[in-house]
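The values are calculated or read from the model by the stated rules, or taken from the named source; none is laboratory data. Remember, predicted model here, so these are calculated numbers, not experimental data. Cβ atoms come from the backbone with ideal geometry, glycine included; neighbour counts cover every protein chain shown.
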Amino acid sequence: MRFYGPGMRTLDLDDVDDMEDGVREGAGPDLLTDPGWRVPPVPEDVPEGTMAWLRARVARFSSGEAHARRRALAIGALGALGVSDGPDVNAEALRDAARVRTQELLSAPGTVEVMARVARVVPAEVLAASLGLPVTADTAGLVGDVASAYHAHGETIPAADRALTRLVADCGGTWDEATAARIGLLVQAYDATAGLIGNAAYLALTGAEAGAGTGTGHAPEPPPEPSADLVTDRLDQTLRTDPPVRGTLRAPVDGGDPVRVGLVTSDGSLAFGAGAHACPGQAHARAVAAGVLDALLARGCRLVRPDLAYEPSVNLRVPAALEVVCG
């Protein structure tokens with residue numbers, strides 16, 4: 001998400017692909033917790049039925065009291081994960097749901113393009129169901145349409161506005177902050193969780209160092225037998241060495257140009273952000289990604305080719321394609 005990013009990245013998803021000319025690079029991570037800096041604000045007085053409305057109502061682009069109120073709505077919608085005195089039933093349910101849905105998508109004969117058919121579908125469907133939305137064949141596409149315009153500030157994208165209207169209807173039809181929180185979680189998980197799945201799957205299916213992105217040109221050997229420890233290790237390693245979200249923007253509270261804060265560290269400690277805007281869905285993102293990896297390994301999936309290219313992005317590291325054959 002950041003999951004919140006999807007991801008998620010965020011699943012606060014700090015996508016800065018459309019960075020403005022004034023953005024400066026290389027700011028230190030201390031800005032994430034410095035009260036003198038904030039997420040660059042967005043216009044608040046905007047009409048319903050538009051992407052501008054969503055940006056103006058989610059925690060992602062808010063500060064102060066509005067951010068605290070909207071973040072609480074998002075956390076409440078996600079539900080509590082991470083209990084300390086026993087198995088986390090909610091996390092296991094998400095992981096199981098992701099595993100089952102991935103197995104269904106991998107059952108088709110021939111090759112499967114994991115990024116388009118799994119990584120861009122399973123998180124959206126599983127999270128939508130957990131948030132109480134009806135899941136249809138259109139769900140992932142609607143979330144993707146909204147996600148593609150989430151950071152397109154100042155632009156009008158009719159397809160995204162139409163997709164947003166349909167998602168609001170799926171949430172009950174009320175244009176309020178609670179609805180925005182649920183849709184924001186889906187949108188912020190979309191790219192980030194896909195990137196986490198793709199990068200971790202590449203690592204798990206090749207045994208290569210995360211972020212290698214190149215190969216010998218020969219199909220790799222089958223991966224080892226799946227285990228919970230193996231999946232956890234691959235996710236941990238990916239978040240340390242090849243996280244899907246690479247940076248976020250912050251701006252001075254008293255005005256001035258935004259700067260880009262890098263989120264790639266040697267220990268992965270900033271993979272889900274830090275400070276007030278840290279991703280509240282870290283456990284959810286990991287659970288969904290783990291379920292997908294469980295299915296890929298259990299099905300004995302192998303990469304058709306080891307070479308890896310990435311979607312063009314300043315802020316994200318998401319494989320463009322990951323073709324596998326299973327069984």
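Quick one: which of H151, H218 is modelled with pLDDT under 95, under 17 Å from the mean Cα position of the chain (by Cα) and not in a helix (DSSP H, G or I)?
Exactly one residue qualifies, and that residue is H151.
Can you name every residue in region 22-41 that is assigned to a loop (DSSP other than H, G, I, E, B) and at pLDDT 90 or above?
Within region 22-41, T33, D34, P35, G36, V39, P40, P41 meet the criteria.
Which residues, counting only those in region 167-211, are assigned to a helix (DSSP H, G or I), of a type in the set (V, I, T) and modelled with pLDDT of 95 or more?
V168, T179, I183, V187, T193, I197
Restricting attention to region 281-303, does a residue exist that is assigned to a loop (DSSP other than H, G, I, E, B), crowded, with 18+ Cβ neighbours inside 10 Å, among the hydrophobic types (A, V, I, L, M, F, W, C) and touching a Leu at 6+ places or on another chain (Cβ under 7 Å)?
There is at least one residue in region 281-303 that is assigned to a loop (DSSP other than H, G, I, E, B), crowded, with 18+ Cβ neighbours inside 10 Å, among the hydrophobic types (A, V, I, L, M, F, W, C) and touching a Leu at 6+ places or on another chain (Cβ under 7 Å).
Six or more apart or on different chains, Cβ under 7 Å: which pairs go from a residue in region 306-317 that's more than 19 Å from T206 (Cβ to Cβ) to one that's in a strand (DSSP E or B) and at pLDDT 90 or above? Could you list them?
So the pair list comes out as N315/V245; N315/G247; L316/V245.
How many of the residues making up region 58-80 are charged (D, E, K, R) and surrounded by fewer than 16 Cβ atoms within 10 Å (Cβ to Cβ)?
So the count comes out to 2.
Suppose the filter is at pLDDT below 90, touching an Asp or Glu at 6+ places or on another chain (Cβ under 8 Å), assigned to a loop (DSSP other than H, G, I, E, B) and closer than 30 Å to C301 by Cβ; does G268 pass it?
When the stated conditions are applied, G268 does not pass them.
Considering only region 247-265, how many residues are part of a loop (DSSP other than H, G, I, E, B) and surrounded by fewer than 23 Cβ atoms within 10 Å (Cβ to Cβ)?
Result for region 247-265: 8.
Which numbered condition trips up T10, out of (1) modelled with pLDDT under 65; (2) more than 17 Å from the chain's Cα centre (by Cα); (3) polar (S, T, N, Q); (4) buried (at least 18 other Cβ atoms within 10 Å of the Cβ)?
The number of the failed condition is (2).
Which one is surrounded by the most Cβ atoms within 10 Å (Cβ to Cβ), of the residues in region 48-57 that are farther than 23 Å from G255 by Cβ and not acidic (D, E)?
My answer is L54.
So in region 221-236, with the set limited to residues that are buried (at least 20 other Cβ atoms within 10 Å of the Cβ) and at pLDDT 55 or above, which one is farthest from V288 (Cα to Cα)?
If we take residues in region 221-236 being buried (at least 20 other Cβ atoms within 10 Å of the Cβ) and at pLDDT 55 or above, then R234 is farthest from V288 (Cα to Cα).
Being within 25 Å of V288 (Cβ to Cβ), touching an Asp or Glu at 6+ places or on another chain (Cβ under 7 Å) and at pLDDT 95 or above narrows it down to one of R55, R70, R2, so name that one.
The unique qualifying residue is R70.
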